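The values are calculated or read from the model by the stated rules, or taken from the named source; none is laboratory data. Fair warning: this is a prediction, and the values are worked out from it, not measured in the lab. FYI the Cβ positions are ideal-geometry reconstructions off the backbone, even for glycines, and counts take in every protein chain you see.
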Amino acid sequence: DTFTEYAYFSSYSTSWVAHARDFVDAAVATRGLGADSFVVEVASNDGYLLQHVVERGIRCLGVEPAANVGAAAIRKGVPTL
């Protein structure tokens, strides 16, 4: 079942993780994201993007339907449903 054992983990690609970090940097700079912000990502995979949000002390929530991938995000400290 796709939503039990999804095969793709976004963090496998170091270039994609670097892109996600750069995206978060740009969002913080242009949108004024900070400690009073709340970021939600739907289909958040293994937390490849939101881990950078967490590192900046910004509250966030990932929504990931695949249980195994969502569990990987939680292990990274990314709150995930």
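So that you can scan it fast, the table gives a plain yes or no per residue for (1) modelled with pLDDT of 95 or more; (2) under 18 Å from T80 (Cα atoms); (3) not in a helix (DSSP H, G or I):
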| site | (1), (2), (3) |
| --- | --- |
| A18 | yes, no, no |
| A26 | yes, no, no |
| D36 | yes, no, yes |
| Y48 | yes, yes, yes |
| G57 | yes, yes, yes |
### Message
The conditions are (1) crowded, with 17+ Cβ neighbours inside 10 Å; (2) at pLDDT 95 or above, and F9 fails exactly one of them. Which is it?
### Response
(1)
### Message
Name the single residue that is nearest to the chain's Cα centre (by Cα) among those in segment 60-70 being surrounded by 14 or more Cβ atoms within 10 Å (Cβ to Cβ) and not in a helix (DSSP H, G or I).
### Response
G62
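Go over the candidates A67, A71, A43 one by one and state the one that is out of contact with any Gly (no Cβ under 7 Å at 6 or more places or on another chain) and touching a residue at least 40 places away in the same chain (Cβ under 8 Å). Write out each step before concluding.
Numbers: A71 fails: touching a residue at least 40 places away in the same chain (Cβ under 8 Å); A43 fails: touching a residue at least 40 places away in the same chain (Cβ under 8 Å).
Step by step, each of A67, A71, A43 is checked, and only A67 is out of contact with any Gly (no Cβ under 7 Å at 6 or more places or on another chain) and touching a residue at least 40 places away in the same chain (Cβ under 8 Å).
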